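K.L.:
Take this structure first; my questions come after.
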Ligand code: DCS
C-alpha cells in the first residue's frame, strides 16, 4: 500500500535524523517516573524558573501593565506600580501599533532594536546599527534562521565545538548540512586547540565538504568555560584566513563566576583588531532573555546582530523572517528591559540591583558547591563552572559497568544516568547527547537547583556513585585510557 504523506516512512528524512538529547530518553523516563509519583529534580534543562528562581520584579511590572493597559487608566495604578514601571510600560506601548496583541515588524519593534543597539554599543565601545539587529523568539530561532541561510546542501559544513549544545547538531541535520566537529580540550579547561581545529577542517575538505561557518559558545554549554580574549582573537584570525562566518552564541554573557576572564564579546575583539579584519570577517552574535539573572525562558525573547553582512543578504534574512510575520511582542519587551534595565536614581533601581545580584551571587556559590561535590566523588573529575549554567563532570566507569551497559543495550553514559535517575530522582543528560571524545564519558547537570537543596542533592549523587562504583569496580582499570 502506498504510504500516506505523513506516515512515518514517507517523512522528510532530515526530520527523522534529528536528535535532541536535552529532551531525550532520560527526560522521557524522568517524566514517566514523575507521573508515577517519584520526586524528580529536573537538572536536564537550563530552565531557572522551573527550579524556583523568582522573576525580577520590575520587568514583570512593566510587562503586566503592557498586557493589561486598562490598568494604566485606573486611578489606583500608582498604588500598585512604581512610577518608573508605569512610564516604561507607556514607553513600550507607544512603540507598538495596537499594543501586545498586534504583530510587530518581522525584525521586531524598531524602538526596541534601537535599545539593543545602544546596549551593544555601550558594552563594546563601538556603535551598533539597529537595522542589523533582528529580534527573535529566543536565541534558538535566530540560530535556526542563520543556519538555514548558510546551509545549501549536505556538502556545506559548519564547525561546531564538541561537546556542544545540541541546538547546533540538530538544526544542521534538520537543514541537511554537515556538522564538522572540533574538540574542546578538557585538560585545558575546555579551551580551543587550533592545531586540532585545522585538522578537522582539512579532514572535512578532503571529504568534499565546503566549511562555511564556525560556531562558538561563550561561556560554554555544556562545558562552562569562559574563552580568553587571546583565544577569541585567534579564532577570528582563523575565520578570516579560512573564509568562515563566525556564529557567536553569547547567551550566557551575564553568567560569569570567576574574575580572571570577564565576558568580552567576539564583536568587540573583532573591532579592536581593526581593518582589514574588522571590515571583512562576517559575524552573527546571539543573545536571549532566557539566561543571565533573568532566566525568562518561557517568554521567548532574543536577538541576533549581524556584522559585515551585505545589505542584500540582510534583506533576504528579513524576507524569510517575514514568513513568520512577527516575533512574539511580550518577549521583545522583556528583551528591551534586559538591555535597558533601571538606572541609578530610578525608583526601582535598588530593588532591581538587589534581586539580580542575589541571583548571580547564589549561582556563583552553587557552581562552586557542585564542582567541589563532583570532584570529591570516586572516579569523577570536573572542571570548575566558570560561566553559563552547567556542570559537566567526567565519569570514569569501570569496565564491568561498560559491559553491563552493553548487555542492557544502552550507551555507558546513558546507563549510568538512568541508574542515577532511578535511584535519586536527579534527571541529567548523558554526555553523548553533546558529543564527547571516544571512550570518555560525562553527564551534564544544571547548577540551578535551589542553593539550600544543593548539599542534599550532592550527597545523594555521591551515595549513588559510591554504590555504583562499588558494584562494578574491579582491578582492571577504568573506561578512560
Ligand atoms: N544557545 C545556547 C548555548 C543555549 O544553551 C540555549 C538554551 C540557547 C542558545 C537557546 O535559548 P533560547 O532559545 O531560550 O534563547 N539552552 C538549553 C539548555 O541547554 N538547557 O536549557 C535550554
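The values are calculated or read from the model by the stated rules, or taken from the named source; none is laboratory data. If you're wondering where the values come from, they're calculated on a predicted model, not measured in any experiment. Cβ: placed from backbone, ideal geometry, glycine included. Neighbour counts: every protein chain shown.
K.L.:
Looking at the stretch 32-54, which of the residues that are under 26 Å from residue 252 (Cβ atoms) and not in a loop (DSSP other than H, G, I, E, B) is farthest from the ligand (Cβ to nearest atom)?
P.N.:
Going through the qualifying residues, I end up with 41.
K.L.:
Looking at (1) at positive phi; (2) under 23 Å from the mean Cα position of the chain (by Cα); (3) away from the ligand (no atom under 16 Å from the Cβ), which one does residue 98 not meet, given that it meets all the others?
P.N.:
(2)
K.L.:
Here is a list: 422, 451. Which entry is within 24 Å of the chain's Cα centre (by Cα), surrounded by fewer than 23 Cβ atoms within 10 Å (Cβ to Cβ) and in the same structural domain as residue 365 (by TED's automatic domain parsing)?
P.N.:
451
K.L.:
Return a yes/no flag: does the stretch 80-94 have any residue that is in contact (Cβ under 8 Å) with a residue 40 or more places away in the chain, exposed (fewer than 15 other Cβ atoms within 10 Å of the Cβ) and more than 16 Å from the ligand (Cβ to nearest atom).
P.N.:
Checking the stretch 80-94: at least one residue is in contact (Cβ under 8 Å) with a residue 40 or more places away in the chain, exposed (fewer than 15 other Cβ atoms within 10 Å of the Cβ) and more than 16 Å from the ligand (Cβ to nearest atom).
K.L.:
Does any residue of the stretch 257-264 turn out to be more than 16 Å from the ligand (Cβ to nearest atom), in contact (Cβ under 8 Å) with a residue 12 or more places away in the chain and more than 29 Å from residue 356 (Cα to Cα)?
P.N.:
no
K.L.:
Select, from 224, 177, 220, the only residue that is touching a strand residue (DSSP E or B) at 6+ places or on another chain (Cβ under 6 Å), touching a residue at least 24 places away in the same chain (Cβ under 8 Å) and at negative phi.
P.N.:
After ruling out the rest, the residue left standing is 177.
K.L.:
Quick one: count up the residues across the stretch 272-304 that are over 14 Å from the mean Cα position of the chain (by Cα), surrounded by 17 or more Cβ atoms within 10 Å (Cβ to Cβ) and within 24 Å of residue 149 (Cβ to Cβ).
P.N.:
6
K.L.:
Select from the stretch 142-161 the residues that are touching a helix residue (DSSP H, G or I) at 6+ places or on another chain (Cβ under 9 Å) and within 15 Å of the ligand (Cβ to nearest atom) and list them in ascending order.
P.N.:
143, 144, 145, 146, 147, 158, 160, 161
K.L.:
While we're here: Please determine whether any residue of the stretch 162-180 is assigned by TED's automatic domain parsing to the domain that holds residue 250, under 26 Å from residue 393 (Cα atoms) and more than 16 Å from the ligand (Cβ to nearest atom).
P.N.:
Checking the stretch 162-180: at least one residue is assigned by TED's automatic domain parsing to the domain that holds residue 250, under 26 Å from residue 393 (Cα atoms) and more than 16 Å from the ligand (Cβ to nearest atom).
K.L.:
A further question on this structure: Considering the stretch 367-394 alone, what residues qualify as being more than 17 Å from residue 261 (Cβ to Cβ) and touching a helix residue (DSSP H, G or I) at 6+ places or on another chain (Cβ under 6 Å)?
P.N.:
Matches in the stretch 367-394: 369, 373, 377, 378, 379, 380, 382, 391, 393.
K.L.:
Also, quick follow-up: Within the stretch 324-363, restricting attention to residues that are over 23 Å from the mean Cα position of the chain (by Cα) and without any contact (Cβ under 8 Å) to a residue 40 or more places away in the chain, which residue is surrounded by the most Cβ atoms within 10 Å (Cβ to Cβ)?
P.N.:
349
K.L.:
Return the residue satisfying two criteria in turn: it lies in the stretch 1-21 and is out of contact with any strand residue (DSSP E or B) (no Cβ under 6 Å at 6 or more places or on another chain) and in contact (Cβ under 8 Å) with a residue 12 or more places away in the chain, and of such residues it is nearest to residue 421 (Cα to Cα).
P.N.:
Filtering the stretch 1-21 for residues that are out of contact with any strand residue (DSSP E or B) (no Cβ under 6 Å at 6 or more places or on another chain) and in contact (Cβ under 8 Å) with a residue 12 or more places away in the chain, the one nearest to residue 421 (Cα to Cα) comes out as 20.
K.L.:
Quick one: residue 256 ticks every box in (1) touching a strand residue (DSSP E or B) at 6+ places or on another chain (Cβ under 8 Å); (2) farther than 23 Å from residue 138 by Cα except a single one, so which number is it?
P.N.:
(2)
K.L.:
Considering every residue within the stretch 301-311, establish whether at least one is touching a residue at least 12 places away in the same chain (Cβ under 8 Å) and over 23 Å from residue 326 (Cα atoms).
P.N.:
yes
K.L.:
Counting only residues that are within 16 Å of the ligand (Cβ to nearest atom) and under 23 Å from residue 456 (Cα atoms), how many does the stretch 1-31 have?
P.N.:
Number of matching residues: 4.
K.L.:
Could you list all residues from the stretch 98-123 that are in contact with a strand residue (DSSP E or B) (Cβ under 7 Å, 6 or more places away or on another chain), under 22 Å from residue 310 (Cα atoms) and part of a helix (DSSP H, G or I)?
P.N.:
113, 116, 117, 120
K.L.:
Another one. Could we say that residue 202 is over 22 Å from the mean Cα position of the chain (by Cα) and surrounded by fewer than 20 Cβ atoms within 10 Å (Cβ to Cβ) here?
P.N.:
Yes: the conditions hold for residue 202.
K.L.:
Also, quick follow-up: State yes or no: is residue 307 more than 13 Å from the ligand (Cβ to nearest atom) and surrounded by 20 or more Cβ atoms within 10 Å (Cβ to Cβ)?
P.N.:
yes
K.L.:
Here is a further query. Could you please let me know if residue 244 is touching a residue at least 40 places away in the same chain (Cβ under 8 Å), in contact with a helix residue (DSSP H, G or I) (Cβ under 8 Å, 6 or more places away or on another chain), more than 15 Å from the ligand (Cβ to nearest atom) and closer than 25 Å to residue 441 by Cβ?
P.N.:
Considered against the rule, which asks whether it is touching a residue at least 40 places away in the same chain (Cβ under 8 Å), in contact with a helix residue (DSSP H, G or I) (Cβ under 8 Å, 6 or more places away or on another chain), more than 15 Å from the ligand (Cβ to nearest atom) and closer than 25 Å to residue 441 by Cβ, residue 244 comes out as no.
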